[in-house]
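Notes for the one structure printed next.
The values are calculated or read from the model by the stated rules, or taken from the named source; none is laboratory data. All figures in this text were calculated on a predicted structure; none of them were measured in a lab. Heads up, the Cβs are rebuilt from the backbone with ideal geometry, glycines too, and the neighbour counts pull from every protein chain shown.
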Amino acid sequence: MIENKAIAEKLREIADLLEQQKANPFRVNAYWSAARTIETLPEPVEERLRRDGFSALLELPGVGEGIARSISEYVMTGRMSRLESLQSGHDPVALFEQIPGIGPKSAHRIIEILHIDSLEALEMAAHSGRLKKVPGFSAKKIELVQTWLSHVLGYRKPRLEPQQQTEEPPVGLLLYIDRQYRKKAEDGELPTIAPRRFNPGGEAWLPIMHVTKQGWHFTALYSNTARAHQLDRVKDWVVVYFYDDRHHEGQHTVVTETRGADSGKRVVRGREKECGDFYSEQGETSENAD
């Protein structure tokens, strides 16, 4: 059984890394507070989780849904992917391979087609229907993935249907974060981490940015996936993770479009039409200003 002290240590490591990477102080303090809560509990967190379920974690002082998910993942799998991402950029293939029914090929397809690399993003893709776009994912297989993720992350069904979901930052804001990240990275203004993948020398070259804007907390970094390296797009593809104070969270990859009307422009994968509308509106605004 995993001891509370071990869980608290992981949460403190996240707090330390967030502080080093200049994240929002409130976010840093949230992890410190949760660590104190876990360490002083009279019973093992693992026992509480297995007996009363994921909701029991949310009843603990200072433990929000995002932190609860990290705790649950650590108890169930022995790893905390949020910590791994902050440390050195986790290996999304290995992360997805731990899910029953997903092997190396399926994991690569998920990453290349959906541009996601976290369990939370996969969970939303499974429930929104996006996972159906990946070859080899039948309804039965998706159901198995949903069941496993529900067990590990404590998923609660969205209040809205997938087509009604609006619990994401607007594309204009995502494009702004992308622009700020690339500029600060180019100017050398961001702390860097040493990714484990495709980095034999252990060099700390991957810039990471934490910022809060319009009620959303963002973490941005270049994509360090096999596909990005194969296509020489590491310094082009930017992964933006986000969550708000109501614990709506997700991620998107921003890339330079290579075809269509918006060729050459930055677009948010999975929300290309919204980006097209955004650029059209921007153009109309500029024309009207003239």
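In the range 1-22, which residue that is basic (Lys, Arg) and at pLDDT 90 or above is surrounded by the fewest Cβ atoms within 10 Å (Cβ to Cβ)?
5
Look through 51, 27 and report the one residue that is more than 30 Å from residue 207 (Cα to Cα) and in the same structural domain as residue 67 (by TED's automatic domain parsing).
Among 51, 27, only 51 is more than 30 Å from residue 207 (Cα to Cα) and in the same structural domain as residue 67 (by TED's automatic domain parsing).
Are any residues in the range 59-94 closer than 22 Å to residue 1 by Cα and aliphatic (A, V, I, L, M), and if so, which ones?
Passing the criteria: 60, 63, 67, 68, 71, 75, 76, 80, 83.
Out of (1) without any contact (Cβ under 8 Å) to a residue 24 or more places away in the chain; (2) of a type outside the set (Ser, Thr, Tyr); (3) not in a loop (DSSP other than H, G, I, E, B), the odd one out for residue 229 is which?
(1)
Every residue, every condition in (1) out of contact with any His (no Cβ under 8 Å at 6 or more places or on another chain); (2) crowded, with 21+ Cβ neighbours inside 10 Å; (3) without any contact (Cβ under 8 Å) to a residue 12 or more places away in the chain; (4) in a helix (DSSP H, G or I), yes or no:
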{"position": "51", "(1), (2), (3), (4)": "yes, no, yes, yes"}
{"position": "60", "(1), (2), (3), (4)": "yes, no, no, no"}
{"position": "68", "(1), (2), (3), (4)": "yes, yes, no, yes"}
{"position": "74", "(1), (2), (3), (4)": "yes, yes, no, yes"}
{"position": "83", "(1), (2), (3), (4)": "yes, no, no, yes"}
{"position": "87", "(1), (2), (3), (4)": "yes, no, no, yes"}
{"position": "96", "(1), (2), (3), (4)": "yes, yes, no, yes"}
{"position": "99", "(1), (2), (3), (4)": "yes, no, no, no"}
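Just give me the residues in the range 23-40 being surrounded by 15 or more Cβ atoms within 10 Å (Cβ to Cβ) and not in a helix (DSSP H, G or I), in sequence order.
23
Taking the range 223-278, which residues are among the β-branched types (Val, Ile, Thr) and under 30 Å from residue 27 (Cα atoms)?
225, 234, 238, 239, 240, 253, 254, 255, 267, 268
For the range 256-264, does any single residue satisfy the condition of being on the phi < 0 side of the Ramachandran plot, hydrophobic (A, V, I, L, M, F, W, C) and outside any loop (DSSP other than H, G, I, E, B)?
No, the range 256-264 contains no residue that is on the phi < 0 side of the Ramachandran plot, hydrophobic (A, V, I, L, M, F, W, C) and outside any loop (DSSP other than H, G, I, E, B).
For the condition surrounded by 12 or more Cβ atoms within 10 Å (Cβ to Cβ) and in contact (Cβ under 8 Å) with a residue 24 or more places away in the chain, what is the one hit in 190, 221?
One residue alone meets the criteria, 221.
For residue 195, state whether it is of a type outside the set (A, V, I, L, M, F, W, C), under 27 Å from residue 70 (Cα atoms) and in a strand (DSSP E or B).
So residue 195 does not fit the description; no.
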